[in-house]
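Q: One structure is given below, represented as structure tokens, and several questions about it will come after.
The values are calculated or read from the model by the stated rules, or taken from the named source; none is laboratory data. Predicted model only: the values in this text are computed from it and were never measured. When we count neighbours, we look across all protein chains shown, and the Cβ atoms used for this are built from the backbone with ideal geometry, even at glycine. To get the accessible areas, we keep the full protein, side chains included, count just its heavy atoms, and leave off ligands, DNA and RNA. Shrake-Rupley method; radii C 1.70, N 1.55, O 1.52, S 1.80 Å.
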Amino acid sequence: MRKTIIPLAVLALLALAGPASAAKAVSYKGKTSSGHKITFQVKNGRIRDLTAGIRMSCIPIQGGGAPMGGAEIFGFRGSLKVKPHLHYSFMEKPAFYWNEVTMSNDLWLTRHGRRAITGRMRLQYSFLISKYPIGTFSVYSCLGGGTFNAKAL
């Protein structure tokens, strides 16, 4: 009788403890090398809802035109596995163009215990701007990035 009660009691305690996926998300906040804010959450080994500001420069690679530069939003909604290097692409409207483009993102992460994460960000995209006379255009290639330091709140 006693041999069956102990395993049943252990099983009941494990059932009351809840699933392992009920871990609390840890929020991180910090600054990028360009002085912009970065925020994200880490839960169950996944990074969620990253938003940061990075510096961008766009230069005309064909057809002439003036170079452009400024701030761009780097990030994503959803989650990705926390790995040393993440590469992902998606369609989104950039700061320097009126239509959606394919944004190619790279994110390198380094964990420093549970309290801090540092990393490097890189964003690349290109677009066309039509010119006068009809049928001529300029091709712009944009590249931006920076580093960041974020600490748990």
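Q: Just to verify a result, which residue in the stretch 115-142, among those that are over 22 Å from the mean Cα position of the chain (by Cα) and aromatic (Phe, Trp, Tyr), is nearest to GLY69 (Cα to Cα)? Walk me through how you get there before you give the answer.
A: Kept after step one, since they are over 22 Å from the mean Cα position of the chain (by Cα), are these residues of the stretch 115-142: 128-140.
With aromatic (Phe, Trp, Tyr) added as a condition, the list becomes 132, 137, 140.
On the way: TYR132: 23, PHE137: 19, TYR140: 12 Å.
Checking each candidate, the answer is TYR140.
Q: Where residues in the stretch 79-110 are in a strand (DSSP E or B) and touching a residue at least 40 places away in the same chain (Cβ under 8 Å), which of them is nearest to TYR125 (Cα to Cα)?
A: Here the answer is LEU107.
Q: Do you know which residues across the stretch 126-150 are in contact (Cβ under 8 Å) with a residue 24 or more places away in the chain, loosely packed, with under 14 Cβ neighbours inside 10 Å and out of contact with any Ser or Thr (no Cβ under 7 Å at 6 or more places or on another chain)?
A: Within the stretch 126-150, just THR136 meets the criteria.
Q: (1) free of Cβ contacts under 8 Å to residues at least 40 places away in the same chain; (2) aromatic (Phe, Trp, Tyr); (3) farther than 22 Å from SER34 by Cβ: which one isn't true of PHE76, the others all being true?
A: (3)
Q: In addition: On the given criteria, is SER34 part of a loop (DSSP other than H, G, I, E, B) and not β-branched (Val, Ile, Thr)? Step through it out loud before you land on a result.
A: Numbers: part of a loop (DSSP other than H, G, I, E, B): yes; not β-branched (Val, Ile, Thr): yes.
Here the answer is yes, as SER34 does meet what is asked.
Q: Give the number of residues within the stretch 109-125 that are open to solvent by less than 60 Å² (accessible area, probe 1.4 Å) and either of a type in the set (Phe, Trp, Tyr) or modelled with pLDDT of 95 or more (or both).
A: Residues meeting the conditions: 9.
Q: Next question. With the requirement that a residue be outside any strand (DSSP E or B), surrounded by fewer than 16 Cβ atoms within 10 Å (Cβ to Cβ) and either touching a residue at least 12 places away in the same chain (Cβ under 8 Å) or among the hydroxyl-bearing types (Ser, Thr, Tyr) (or both), what does the stretch 50-73 give you? Before you say what the answer is, go through the steps one by one.
A: Step one: list which residues in the stretch 50-73 are outside any strand (DSSP E or B), which gives 63-67.
Narrowing the set further to residues that are surrounded by fewer than 16 Cβ atoms within 10 Å (Cβ to Cβ) leaves 63-64, 66-67.
Selection gives GLY63, GLY64.
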